[in-house]
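Here's the structure, in structure tokens; my notes come after.
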Amino acid sequence: MAIETTRWEGADFLDTPEEIAAYLEAAFEDGDPKLITHALGNVARAKGINQLARDAGVTRAGLYKALSADGDPRLTTFLGVLRSLGLTVSVHAAQ
């Protein structure tokens, strides 16, 4: 008998600003730009990419492209998305 599985979608579990911040913080701790972009894409889907794109000052298509697997969002896009989510970035000295 085969085991039935369902697709797991991380965006379904990003409901609060605290959950989103913790998720993105973990991606930053890893340090892989592709993982950070992927995580930001999951957050964008969780919050609604259309409204997020408007709030960030980019087109929906532009945001999809920037946050795709091959995407490399510009710093202005990245900061605009974070601002739209009510998040900020802080920098600390490496230990």
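Bear in mind that the values in this text are calculations on the coordinates, not laboratory data. Since the structure is predicted, the reported quantities are computational estimates derived from the model, not experimental observations. Note that each Cβ is placed from the backbone with ideal geometry, even for glycine, and that neighbours are counted across all protein chains shown.
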Worksheet item: Which entry in (i) 37, 33, 29; (ii) 67, 43, 28; (iii) 51, 38, 27 is this structure's computed Cα extents along the principal axes in Å?
Response: (iii)
Discussion item. Can you compute the modelled spin-label distance between GLU18 and ARG60, with each label point 7 Å from Cα toward Cβ, in nm?
Written reply: 3.3 nm
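Suppose only helical runs count, i.e. DSSP H with n ≥ 4. What mean residue ellipticity at 222 nm does that imply for the chain under -39500 (n - 2.57) per run, divided by all residues and rounded to the nearest 500 deg cm²/dmol?
Numbers: 5 runs with 54 residues, N = 95.
When only DSSP H runs of four or more count, the value is -17000 deg cm²/dmol.
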Item to complete: Any chance you could give the angle, 0 to 90 degrees and rounded to 10, that helix 75-84 forms with the longest Cα principal axis of the chain?
Response: 70 degrees
Discussion item. Residue by residue through the stretch 54-68, what is 3J(HN,Hα) from phi via Karplus (6.51 cos²θ - 1.76 cosθ + 1.60, θ = phi - 60°)? Round to whole Hz and write x for glycine and proline.
Written reply: 4, 5, 7, x, 10, 6, 4, 5, x, 5, 4, 5, 4, 9, 6
Worksheet item: Considering only DSSP states other than H, G, I, E and B, which GluC sites (Glu not before Pro) in the stretch 1-87 qualify as loop sites with at most 15 other Cβ atoms within 10 Å?
Response: GLU4, GLU9
Item to complete: Give me the net charge of SER68's neighbourhood, meaning all other residues with Cβ under 15 Å from the Cβ of SER68; Lys, Arg count +1, Asp, Glu -1.
Response: +3
Worksheet entry | In degrees, nearest ten, helix 17-30 long axis to first principal axis of the chain (Cα) | 90 degrees
Practice prompt. Note the angle between two axes, namely the Cα long axis of helix 33-47 and the longest principal axis of the Cα atoms of the chain, as a number of degrees from 0 to 90, rounded to the nearest 10.
Written response: 80 degrees
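Treating the beta-carbon of each Lys and Arg as +1 and of each Asp and Glu as -1, no other charges, what is the dipole magnitude of the chain about its Cα centre, to the nearest 20 debye?
Working: 9 positive and 13 negative charges, 115 e Å.
Using only the charged Cβ atoms, the result is roughly 560 debye.
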